[in-house]
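Colleague: Provided herewith is a single structure, encoded as structure tokens, for subsequent inquiry.
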Amino acid sequence: MAHDVFLSYRRTDQALAQKLVQSLQAQGVSVWWDQMIEGGEDWREAIVENLTSARALVILFSEECNTSKQLKKELSIADSLDKEVIPVLIEDTKPKGHYLYELSARNWLQVHPNPEAKMAELAGRLAQELPTPNAGTSPWATAAEDTKIGGQPRGGVTIQPTPTPPIDLKSVPEPSIPAETVEKLVAASEKLESNEKDRNDFMPFKWYEYLIAAAMGGLTVLGGFDYETGEIVTGSLSLDFLGMTALVLLIIAMLVFPFRYYFRKRRVGRAVKYYAISVGILIVAVGAILGIHPDAIDDSLGAGENLLNMVLGSIIIFGFFSVITFGTYGLMHWQRTRRIFNRHVETL
């Protein structure tokens, strides 16, 4: 049986959840919560099945929700199935980490302090917030239209469609999707989304930035070419070109990538991960080219030591710059999500 609301809450808030269930039922809203799981029933399948068929996910959000792994799964399923998610703040707390990122832009309802006294008002508001089922197009209406040509009845004969009683949408059973199928679909959807983000966040250069780097590499080659003798003054064409191109790309990456991740609203952990991978590869490339470049080799050291010193020096500079950059990034990201969250909280 499909329900209007799937209620998520923490065990410590069970008494408050029961009051909300009773208030919603008094409003004519059907609710599924975990107290309806029968003995011997697989609770995982019950949760997935009922969340899949529900019209909305309502979360009673307390401090304990910030550490709930089960809520993460329920949010993931609800988002993948495009369900309405309505978080309700029942304590003087704020979402953190994953939940601040996932829920900050949702429309929150706040019932603290004294949430027990506001359950009836909350139930009435939730009844209004529930999405309306899409009735679609009646096949009888389509059949009636097919009897007309150019707005007139066919053959000049008026055909009256047989009247049909209205359909009670709540009485029509929704198709049942096996829990295992839903979990596989959610996992596949998350994987596709993750792969798409991976492609976008790894080396997120714009096409014109490659052109700028290549142009700087070309100018370096021209600057080391003696037109009177026709000889290359320093290094070689390939190393000069590759070295300057990689160096310019490295500078662009170090300065631009943090802003690019920020405006894509990437979480700090993800931004740091792909920044480190992308810039780290460029650092190794630049260090390797400089380490074997004739003009950069210290004759007192071996080729291997030259290469190692160049790479280690670049990594130290990169690490120092990254700490400052992503310390600022984390602070800006946190302030932005808190501002978004505060704008979306409505106190009842």
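The values are calculated or read from the model by the stated rules, or taken from the named source; none is laboratory data. Being a predicted model, the structure only gives us computed values, none of them experimental. No Cβ is skipped: glycine too gets one built from the backbone with ideal geometry, and neighbour counts run over all protein chains shown. Remember, those area values only see protein heavy atoms, side chains included, never the ligands or the DNA or RNA. Shrake-Rupley method; radii C 1.70, N 1.55, O 1.52, S 1.80 Å.
Colleague: Read through the list (1) modelled with pLDDT of 75 or more; (2) over 30 Å from Thr93 (Cβ atoms); (3) surrounded by fewer than 17 Cβ atoms within 10 Å (Cβ to Cβ), then give the number of the only condition that Arg338 fails.
Modeller: Going through (1) modelled with pLDDT of 75 or more; (2) over 30 Å from Thr93 (Cβ atoms); (3) surrounded by fewer than 17 Cβ atoms within 10 Å (Cβ to Cβ) one by one, Arg338 breaks only (2).
Colleague: Among the candidates Ala288, Ala276, which residue alone is modelled with pLDDT of 85 or more, in a helix (DSSP H, G or I), closer than 19 Å to Ile251 by Cβ and not β-branched (Val, Ile, Thr)? Break it down stepwise before answering.
Modeller: Numbers: Ala288 fails: modelled with pLDDT of 85 or more.
Unique residue meeting the criteria: Ala276.
Colleague: Another question, then. Which one is surrounded by the most Cβ atoms within 10 Å (Cβ to Cβ) among residues in region 231-252 that are modelled with pLDDT under 65 and not in a loop (DSSP other than H, G, I, E, B)?
Modeller: Restricting to residues being modelled with pLDDT under 65 and not in a loop (DSSP other than H, G, I, E, B), the top hit is Ile232.
Colleague: Follow-up. Taking region 258-279 as the search range and keeping residues that are open to solvent by 40 Å² or more (accessible area, probe 1.4 Å) and hydrophobic (A, V, I, L, M, F, W, C), which one is farthest from Phe321 (Cα to Cα)?
Modeller: Result: Phe263.
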